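Colleague: Here it is: the structure, laid out below.
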Amino acid sequence: MARKTMIAGNWKMNCLQKDGVDLAKNIALKVKNNKYNCEFLVCPPYTLLYSVKKALRGTKIALGAQDSHQSDKGAHTGDISPQMLKDIGCEYTILGHSERRTDHHENNALVAKKAQAAYANGLKTIICVGETAKQREDGETLAICAKQVRGSLPKESNATNTVIAYEPVWAIGTGKTPTAKDVEDVHAAIRQVVAKKFGAKTANNMRILYGGSVKPSNAKEFLSLPDVDGALIGGASLKADDFLAIAKSVC
Ligand code: 13P
């Protein structure tokens, strides 16, 4: 199975109804008018899932959430379950994003539990890993990413239900990026960790996205690396032209 390039937009805590629907419609129109050989995914905030789903009707652009709970339902004020996301038409849920690891103190064990609940409800996951600036300076990048991959992917993960996103924390929203060689080295190392835990076939088929200040101007450099299977894009996914320009650089 060849790994199909994924171009995913993480809208984070952005867009009111009109902005989100306009953005989704704009992306849908541009994707329809061009032949891209990649899988598109948009992950708006919860408040926009329903209206963006409607705006994407008739397209192959997948819908995802930015997090989901480890339970199906119950007394968890403010949380959203994978069952609810499946019900509204989501195909994916992002788990373990560094902003959730930092803002909500999420750890690998919790991310693994959330992933199990997501799979049990028929959702696929994008599981994020990545080192901080300090960890990078201390030469711990590979060890941190390996630990996060081992701890955050439960035994039920496979190449169909799981995508990994390598997002160096210091590169998110900063305009700074690792070198292409650094990205390839980390992705190749992550693939080895996956091979050790899940076997060579799964590792060979599992997609590993790069995320962190991806823009039209640097996308090709990263997306043409052998072990980079797509991008998880924050800021640049909020402009349809930029989002599609990133896709155009490889798909
Ligand atoms: P930026 O593309 O804004 O750096 O964000 C990356 C990211 O965190 C995607 O999940």
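Colleague: Picking from T47, T77, which residue would you name as being part of a helix (DSSP H, G or I), of a type outside the set (G, A, S) and open to solvent by 70 Å² or more (accessible area, probe 1.4 Å)?
Modeller: T47
Colleague: Then there's this: Which count do you get for residues in segment 192-219 that are under 23 Å from C43 (Cβ atoms) and either away from the ligand (no atom under 13 Å from the Cβ) or aromatic (F, W, Y) (or both)?
Modeller: 6
Colleague: Give the number of residues within segment 148-194 that are under 30 Å from K86 (Cβ atoms) and either assigned to a loop (DSSP other than H, G, I, E, B) or free of Cβ contacts under 8 Å to residues at least 60 places away in the same chain (or both).
Modeller: Residues flagged as under 30 Å from K86 (Cβ atoms) and either assigned to a loop (DSSP other than H, G, I, E, B) or free of Cβ contacts under 8 Å to residues at least 60 places away in the same chain (or both) within segment 148-194 amount to 24.
Colleague: Out of all the residues in segment 139-146, is one or more within 16 Å of the chain's Cα centre (by Cα) and not in a loop (DSSP other than H, G, I, E, B)?
Modeller: Yes: one or more hits.
The values are calculated or read from the model by the stated rules, or taken from the named source; none is laboratory data. What you see is a predicted model, and the numbers here were worked out from it, not measured in a lab. Note that each Cβ is placed from the backbone with ideal geometry, even for glycine, and that neighbours are counted across all protein chains shown. SASA here: full protein model, heavy atoms, side chains in, ligands and nucleic acids out. Shrake-Rupley method; radii C 1.70, N 1.55, O 1.52, S 1.80 Å.
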